[in-house]
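Read the figures in this text as sums done on the coordinates, not as results from a lab. Only a predicted model underlies this, so the values are computations on that prediction, with no experimental measurement involved. Every residue, glycine as well, gets a Cβ built from its backbone with ideal geometry; the counts of neighbours run over all protein chains shown.
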Amino acid sequence: MVMTGRERCLGLLVEHLAGSSLGRRLGLDRVATIRDLQASVPVMDAVTHAREVEAQLGFGLLDRHDSRLVEQLERERTWAVDALRARTRTHSRVRLVILWAGPELHTKGGLLADLAAIDAELIQIDRLEPETELRDRLLALAPDVLVAPSVFTMRWVERVLRGPLDRWLPSVVDVLAEHDLEHTIRASTRVRAVGWFHTHGRIGVPAPHASARHFTLAVGTTILELLPQGDPEIDGRLRTASVTVLPEQARIGQRYEIVLTSVLGCLRLRTGEHVRVVGFDPPTREAPIPRPRVVRIAAPPPDIALESVTLSGAWLGACVRQAFHAEDPAFVAARIGAESVSTVWHPPRGAQPPGGKARRLEVEVEVLGHATSTFTKTLASRIDAALRRRSSAYEFLRAQAVLLDPTVQLVSPGSRAAKLSERVRALQGSVWRPPIEIF
């Protein structure tokens, strides 16, 4: 019987780890199926996985001389390369410029191999400054394809060129990016997905016959599970299921967090990557199951725990937005968190705050326009009133003076733009962040 890609992945993991102290502790010698893996190994967040798995493996599991491990990581390369060829609309050799920082790019070895396989001359640019040199180099190279970690990188390039890409670089037929594909650039050139990679392996390949934002989960290369997430637009509280589902069990329209297991020594890691399932692609030899087609979405806002009550992150964001009226300065961005216990509790010597939790919210706000000296107090009062209307528990605790009124601080104008610019210049990972962040 021919083994599927994920069965082969599991077999290699068990073979390499079963005899180790980590494998013995997790009982990997008794793991024969994906169900056994789910029963033996708990789902771990990044901190727990680093402590319980990665620290035990030292420099990692992958032996680059082990052809079977390397071959497993390349299982769906043909699919990915075919999708990229379809997107570059050519089978001839192309000049491909990669605007990506070196360290991160080389942890995504699959990305470089995918691009090289489309018969391309690869040229890497690992910094965006000085801008005059970047402009001159791009004009001299006259690339056919531009590749970047984020769509915002291409927006930066258009700013450097002082015009749309297709005006100054007419040779460019395609722009490929990994992150922030829901955003656009000024040029008419379409921005498409280059692929979806994690440090521990491939997560998705571009879906060739669907929207440029769509990925097909790489269920033939790694072992992917989906952790159901509640929809904050329907239920304000952040709710995560305790049990994962396999990709073929996914429901269209449902939100999930990706859980990854790979031959690089990654065991049921919650990646922090969230998706919404929009359809299914046909089975393949490596993955003889319906393969979910997904779009990436932002992680749901976390809840904030105050003394004796937990407030929904989605509610908090809504309350901040609703606190702005038409006559106020325009809202730009906000950060919401629980104020440090030491700054809100001044007990007699030796006394402790009840439960040891914060008693009020702290909100940092960036606005556009002139704010009066009383604006922050007015905004804090409106946020407090909105929370009282939404939460009876919050209202009761405020009436009993267990919780204190929120504090609002204005941050320097341009703070959000400066942070975005900093992330663009880093040339790695996603750039966009929600206007309201919960910390």
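For Ala371 and Thr132, a Förster radius of 41 Å and the Cβ-Cβ distance give a FRET efficiency of 0.65, rounded to the nearest 0.05. The Rg/Rh ratio of segment 304-438, with both radii computed over alpha carbons and Rh defined as the Kirkwood radius, is 1.02. Taking the Cα atoms only, what angle lies between the long axis of helix 5-17 and the longest principal axis of the chain, rounded to 10 degrees? Computed tilt is about 80 degrees.
If each residue's Cβ is checked for other Cβ atoms within 10 Å, how do Asp281, Asp114 rank with the fewest at the top?
On the way: Asp281 20, Asp114 24.
If I rank by nearby Cβ atoms, fewest first, I get Asp281, Asp114.
Taking all C-alpha pairs of the chain, those more than 34 Å from each other amount to 44 percent. Between the helical axis of 151-161 and the longest alpha-carbon principal axis of the chain there is an angle of about 90 degrees.
Report, in deg cm²/dmol and to the nearest 500, the calculated mean residue ellipticity at 222 nm for the chain, where each DSSP H run with n ≥ 4 adds -39500 (n - 2.57) and the sum is divided by the residue count.
-9000 deg cm²/dmol
Seen from a random direction on average, the alpha-carbon convex hull of segment 98-185 projects onto 5.5 square nanometres. What is the angle, in °, between the Cα long axis of helix 77-88 and the longest principal axis of the Cα atoms in the chain? Nearest 10 is fine, range 0 to 90. It works out to around 80 degrees. Using a Gaussian network model of the chain with C-alpha springs under 10 Å, which one of Ala426, Ala55, Ala333 is most mobile by mean-square fluctuation? Fluctuation is largest for Ala55. Which of Ala142, Ala39, Ala18 ends up with the largest GNM mean-square fluctuation for the chain, with Cα atoms connected below 10 Å? Comparing Ala142, Ala39, Ala18 in a Gaussian network model of the chain, the most mobile one is Ala39. Charge dipole of the chain (Cα centre as origin; +1 on each Lys and Arg Cβ, -1 on each Asp and Glu Cβ, all else neutral): 520 debye, rounded to the nearest 20. As a proxy for reagent exposure, Thr221, Thr407, Thr132, Thr216 were ordered by neighbouring Cβ count within 10 angstrom, fewest first; the result is Thr132, Thr407, Thr216, Thr221. Value of Rg to Rh for segment 49-195, rounded to two decimals, is 1.03; Kirkwood radius and Rg both from alpha-carbon coordinates.
Placing dummy labels 7 Å off each Cα toward the beta-carbon, the span from Ala426 to His209 is 3.9 nm. Can you check what the net charge comes to around Thr221, using other residues whose Cβ is under 9 Å from the Cβ of Thr221 (Lys, Arg +1; Asp, Glu -1)? Taking every Cβ under 9 Å from that of Thr221, the sum is +1. Within the chain, DSSP assigns beta bridges of which about 60% are antiparallel (rounded to the nearest 5).
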